[in-house]
Amino acid sequence: MLALTALLVGGLTVTLPDAVTVKGSEIELAEVAQLSGDPALVTRARELSLGWAPAPGYQRTLHAAQVARRIRTALVGIDLTVTGSALCKVEPEVQLVTSAQIEAAARGLLTERAGGRDLELLLLEQIDPVSIPVPEHGLEVVARLDRALLASGPIQVPVELRVDGLPWRTVWTRWEAGLWADRLVLARDVQRGEVLTVHDLRRERVRLGAAQEAAAGKLEAAALDGAVALRDLTTGSVVAAGDVRRPVAVARGTEVTVELVKGPIIASSVGTALESAAVGERIQVSLAGGTRTVNAQVIRRGLVRLVLQ
């Protein structure tokens with residue numbers, strides 16, 4: 001009779017079970033209780049939050065009196081009846097985030113940060129699967145890395161597990177990263193003061209260290225032909241710009257041929273070098289008539305190139 005009266009006057013009846021399982025990281029009233037009464041009140045009450053959901057392996061007890069207070073606080077002045085169990089045990093529905101999912105997120109980010117370079121990755125520690133509450137809206141497995149570019153060496157990548165858009169747990173993964181590239185290396189030992197020729201060099205796939213990444217390691221053989229070693233260098237060493245003193249290919253004030261390149265079209269002009277430079281370096285060149293100054297790359301003795309966009 002009381003329940004019927006509540007329905008007639010626009011009341012709300014909430015029936016709690018002895019135990020229930022929930023999804024997500026937050027408990028909503030409709031997940032744990034049966035709601036009946038005024039349809040408008042039922043709709044408003046359905047998404048009322050009852051606070052945090054228990055973590056996997058734990059449970060939480062909801063008291064009928066606490067639930068009633070929460071509803072009356074949110075829906076002031078309603079005719080409320082709370083029935084059923086005085087204590088409702090709440091456990092989470094759980095699922096596993098697999099080791100493969102976590103590893104894939106970290107590996108994917110490292111590969112992206114390598115920027116298309118030749119990358120080898122070794123996972124140093126086993127990744128354990130993680131139990132999480134079954135999401136209501138979705139699971140995100142997101143790797144993060146502060147550094148913009150990747151370098152060779154050990155690296156830790158945190159992988160954040162987000163349940164329904166909220167951080168749940170961060171798993172740290174440990175890796176050994178190796179960046180490789182084709183580089184010119186010495187085919188023999190070279191002593192300080194020796195002059196290099198193209199026959200002293202060969203191209204190899206080498207693992208790049210931090211110093212080699214920072215150095216100008218992409219010098220072509222033509223740029224090193226005739227260079228003088230500034231220190232003793234060993235067989236297999238990557239030859240960087242700082243290891244040698246390269247001969248001047250274009251001297252300041254001399255006339256040079258300026259090769260203008262735009263797509264498949266190549267045209268030539270004449271200019272005057274405003275700086276001295278070795279092969280591969282860029283210099284300012286004044287075009288014929290002094291009407292324009294361009295920044296061009298030295299290709300060989302007496303020839304510079306300007307690539308037009």
* Structure fact -> Scanning segment 123-137 for residues that are part of a loop (DSSP other than H, G, I, E, B), touching a strand residue (DSSP E or B) at 6+ places or on another chain (Cβ under 7 Å) and farther than 21 Å from Gly57 by Cα gives Leu124, Glu125
* Structure fact -> Residue set Val294, Val279; condition in a loop (DSSP other than H, G, I, E, B), hydrophobic (A, V, I, L, M, F, W, C), buried (at least 16 other Cβ atoms within 10 Å of the Cβ) and not assigned by TED's automatic domain parsing to the domain that holds Ala240; output residue Val279
* Asked: Regarding Gln101, is this residue within 17 Å of Glu31 (Cα to Cα), assigned to a helix (DSSP H, G or I) and not acidic (Asp, Glu)?
  -> no
* Structure fact -> From the option list Val159, Val190, Val185, Val142, single residue qualifying as surrounded by 13 or more Cβ atoms within 10 Å (Cβ to Cβ), in contact (Cβ under 8 Å) with a residue 40 or more places away in the chain and under 30 Å from Leu96 (Cβ atoms) is Val159
* If you scan segment 35-54, which residues turn out to be out of contact with any strand residue (DSSP E or B) (no Cβ under 7 Å at 6 or more places or on another chain) and of a type in the set (A, V, I, L, M, F, W, C)? -> Ala40
* **Residue tally, condition within 21 Å of Val76 (Cβ to Cβ), modelled with pLDDT under 85 and not in a helix (DSSP H, G or I), over segment 1-36** => 2
* Among Leu16, Leu62, Leu41, which is out of contact with any helix residue (DSSP H, G or I) (no Cβ under 9 Å at 6 or more places or on another chain) and either at positive phi or surrounded by 17 or more Cβ atoms within 10 Å (Cβ to Cβ) (or both)? -> Leu41
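The values are calculated or read from the model by the stated rules, or taken from the named source; none is laboratory data. Every value quoted in this text rests on a predicted model; they were computed, and no experiment measured them. Here the Cβ is made from the backbone with ideal geometry for all residues, glycine too, and neighbour counts use every protein chain on show.
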